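These notes concern the structure reproduced below.
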Amino acid sequence: MKNKLSRLAVPYVVWMALFVVAPIIMMVIYAFSASNGGFTLNNFVKMGAYAEVFIRSFKLALIATAICLLVGYPVSYFMSKEGPRFQRMAMVLIMLPMWMNFLLRTYSWMTILENNGLLNQLFQKIGLIALYNRMTGADLSYFPMMNTQGAVVLGMVYNYLPFMILPIYSVIIKLDGSLIEAARDLGAGSATVFRRVILPLSLPGVLSGITMVFVPAVSTFAISQMLGGGTELLLGDLIEQQFMGGAYNPQLGAAISLVMMVIVVVCMLVMNRFGEGEEQAVML
Amino acid sequence: MSKELIRLHDLCMAFDDELVLDHINLYINDSEFLTLLGPSGCGKTTTLRIIGGFLVPTSGDVTFDGVRINDVPPHKRQINTVFQKYALFPHLNVFENIAFGLRIAKVPKDEIDRRVTEMLQVVSLKGFENRQISQLSGGQQQRVAIARALVNRPKVLLLDEPLGALDLRLRKDMQNELKRIQQQMGITFIYVTHDQEEALTMSDTVVVMDKGRIQQIGTPEDIYNEPKNAFVADFIGESNILNGTMVRDGVVRMYRREFQCVDKGFAPNEPVDVVIRPEDIDIVPVTEGQLVGTVTNVTFKGMQYDIIVDLGGFKWLIQTTDHSPVGAQVGVKIDPDGFHIMKKSEYSGLFGDYSSYSEEYEELADATLADEEESGDEE
């Protein structure tokens, strides 16, 4: 019986081997190869020149993840306290942008943030820019918002926020109400109930939310290209350039990818170890 | 001992216009073991949750030590609860679960250590401090839940069917354990259960509830021996409940003949419900019987036989150690103190007939006796 069932898994194993394991192996081989095919560590040595990009990528991804957490946790928490109709409605609203194409969504932000985009026009109309000029003595005709790190972070938060809200929400909604009653019964006011019961028990959701936001954010290239205007180069852009752009160097690209992957995996392992106790809590 | 601690005054509770508690009046003494007993949906858990502070009554008052506490939130009451499914914190170990209340109350660390250790001893869980909750059996979780509540030294402990999830053997052990803890610590226990045996075994006072109303309050003996109406008589133990007429003090009339009994205080010829416990009935030879009937069913129960006897169309349950074969004609004899007379109530005629025991269930419909005193066995 068990053998019969495990035979059904064969196609998936083959699929995984072909499309997950094989590419990783190829990436590793490429990373240690010179352009003529021989073994070299040169790709990793060259990477030192791009330390700035590494730092910027991780910094922006961290900021975006932190903002997603700060916004997403309260949203999930208060959503879970509302009635079922409100919850369904809110869920649709959160998911709605995701039904639209990713590039289209990000392009829309360009028209909003541009120098003569919607936001700047609004600021002009309500006199905010004039006010700012008068107060600081500057002479701006618009606020520069496009092609800044802020715009890139905004793009990340906008695109990845649902991935933070959903896992946290689904953990909080499943919390046993009698645990909260028990805590209140034992003398805990609302703040203490939250700090000592709800927060620790929702940590697994927080951890998977962080993972699901941080990983795509650290490797994105479309967002930084569109909203960063190519001036705020991220790891994703760097890698893309090695494969598609003028700086064609797939060996270097593979090496950068490999290092990024290792850093991300290490981060996740550390974080999961940290949340291990709570992981059991959810299993219950 | 008998100082009043909690009083429920004219308590009503409605959910969406559905009356769940209907004018509950009850006082609970200090150090008392009081049980709210009733079928599911009778309002016992709602009553408990109001005392615990998780529900605010629609009308009426809850007083604690003479102070009205309707709007006092749970965390400000000197009351702790053992929840039905224990509600232990899965992210904390046994020690931290028990210490939870003390940590919130900012009790000094060495005192927390001392009191938790002491509590672990009381519930016989020494050495389990560092266990995770998921590693405990149901009975152990139960004990942790009790320890977690008691360590705060509450004036009152509320227990919501705490033994419901345990197997029979463990239940019995825990019943004794709970009673011992209650006596040892001198705390008022308010216990909710639908298990009448549990209620009789453990309680000082039993409150029988049904349909959001209190049916009877009394000691376990009172409740069993002097049930107030057919509902209580049927819910607590087994009862044959028949229609009768109280001819005068000490004489009740049914089956067109008069029986000696010890009850009095009814109006002459008042229609009443007559309760006869199955163990108070003797089976005797036909010639010596006050009534004569036919055995329709015999079930061996270990300690006794449950015998169903058809007496003029009404099926009686009789518990006796002597076997009688099915189909035999037997006489039935009841001592005067075996009768218990109750006033008529809304429950009259609903309970106390063992026709569902019988395989000849259908025949009941034909078994008509014209006499107006005839037992109401209509389904």
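Annotations for the structure displayed:
- Each residue in region B:215-235 was checked for being surrounded by 22 or more Cβ atoms within 10 Å (Cβ to Cβ) and β-branched (Val, Ile, Thr), and 2 pass.
- Filter result (closer than 19 Å to residue B:23 by Cβ and in contact with a helix residue (DSSP H, G or I) (Cβ under 7 Å, 6 or more places away or on another chain)) within region B:54-69: B:55, B:57, B:62
- Filtered residue count, region A:36-65, keeping only those that are without any contact (Cβ under 8 Å) to a residue 12 or more places away in the chain and either of a type in the set (Phe, Trp, Tyr) or closer than 28 Å to residue A:211 by Cα (or both): 7
- Elements of the type strands (runs of 3 or more DSSP E) sitting completely within region B:1-58 and holding at least 3 residues that are open to solvent by 10 Å² or more (accessible area, probe 1.4 Å) and in the same structural domain as residue B:69 (by TED's automatic domain parsing): these cover B:4-15, B:18-29.
- For region B:134-155, a tally of residues being open to solvent by less than 10 Å² (accessible area, probe 1.4 Å) and over 27 Å from the mean Cα position of the chain (by Cα) returns 1.
- Selection from region B:186-212 of residues that are open to solvent by 50 Å² or more (accessible area, probe 1.4 Å) and in contact with a Gly (Cβ under 8 Å, 6 or more places away or on another chain): B:194, B:196, B:211
- Neighbours by Cβ (under 7 Å, 6+ apart or cross-chain): first from region B:1-20, closer than 19 Å to residue B:212 by Cβ; second open to solvent by less than 90 Å² (accessible area, probe 1.4 Å) and charged (D, E, K, R): B:9/B:61; B:12/B:22
- Residue selection: residue A:85 satisfies the criterion of being open to solvent by 30 Å² or more (accessible area, probe 1.4 Å) and within 30 Å of residue A:199 (Cβ to Cβ).
- Residue A:231 surrounded by fewer than 18 Cβ atoms within 10 Å (Cβ to Cβ) and either out of contact with any Cys (no Cβ under 6 Å at 6 or more places or on another chain) or of a type outside the set (A, V, I, L, M, F, W, C) (or both): yes
Here's the yes/no breakdown for (1) in contact with an Asp or Glu (Cβ under 7 Å, 6 or more places away or on another chain); (2) exposed (fewer than 14 other Cβ atoms within 10 Å of the Cβ); (3) farther than 19 Å from residue A:153 by Cβ:
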site	(1), (2), (3)
A:33	no, no, yes
A:40	no, no, yes
A:43	no, no, yes
A:55	no, yes, no
A:58	no, no, no
A:111	no, yes, no
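- Within region B:261-298, being in contact with a helix residue (DSSP H, G or I) (Cβ under 8 Å, 6 or more places away or on another chain) and loosely packed, with under 14 Cβ neighbours inside 10 Å holds for one residue alone: B:262.
- Tally, over region B:71-111, of residues that are facing chain A (nearest Cβ under 9 Å), open to solvent by 20 Å² or more (accessible area, probe 1.4 Å) and assigned to a helix (DSSP H, G or I): 4
- Where helices (runs of 4 or more DSSP H) fall entirely within region A:98-140, those with at least 3 residues that are more than 24 Å from the chain's Cα centre (by Cα) are at A:118-125, A:128-136.
- Whichever residue in region B:112-124 is open to solvent by less than 40 Å² (accessible area, probe 1.4 Å) and either at pLDDT below 90 or farther than 30 Å from residue B:76 by Cβ (or both) and, among such residues, is farthest from the chain's Cα centre (by Cα): B:122
- Any hit, region B:116-136, residues being closer than 30 Å to residue B:61 by Cα, in a loop (DSSP other than H, G, I, E, B), in contact (Cβ under 8 Å) with a residue 12 or more places away in the chain and not aliphatic (A, V, I, L, M): no
- Residues in region A:123-148 that are loosely packed, with under 12 Cβ neighbours inside 10 Å and among the hydrophobic types (A, V, I, L, M, F, W, C): A:126, A:131, A:135, A:138.
- Note on region B:321-353: among residues that are part of a strand (DSSP E or B) and over 26 Å from residue B:228 (Cβ atoms), the one that is most open to solvent (accessible area, probe 1.4 Å) is B:329.
- Elements of type helices (runs of 4 or more DSSP H) in region A:152-254, at least 3 residues being more than 14 Å from every other protein chain (Cβ to nearest Cβ): A:199-219, A:222-227, A:235-243
The values are calculated or read from the model by the stated rules, or taken from the named source; none is laboratory data. The shown structure was predicted, so the numbers you read here are calculated from the model rather than taken from an experiment. A quick note on method: Cβ atoms are made from the backbone with ideal geometry, for glycine too, and the neighbour counts reach across all protein chains shown. These area figures cover heavy atoms from the full protein model, side chains too; ligands, DNA and RNA do not enter into them. Shrake-Rupley method; radii C 1.70, N 1.55, O 1.52, S 1.80 Å.
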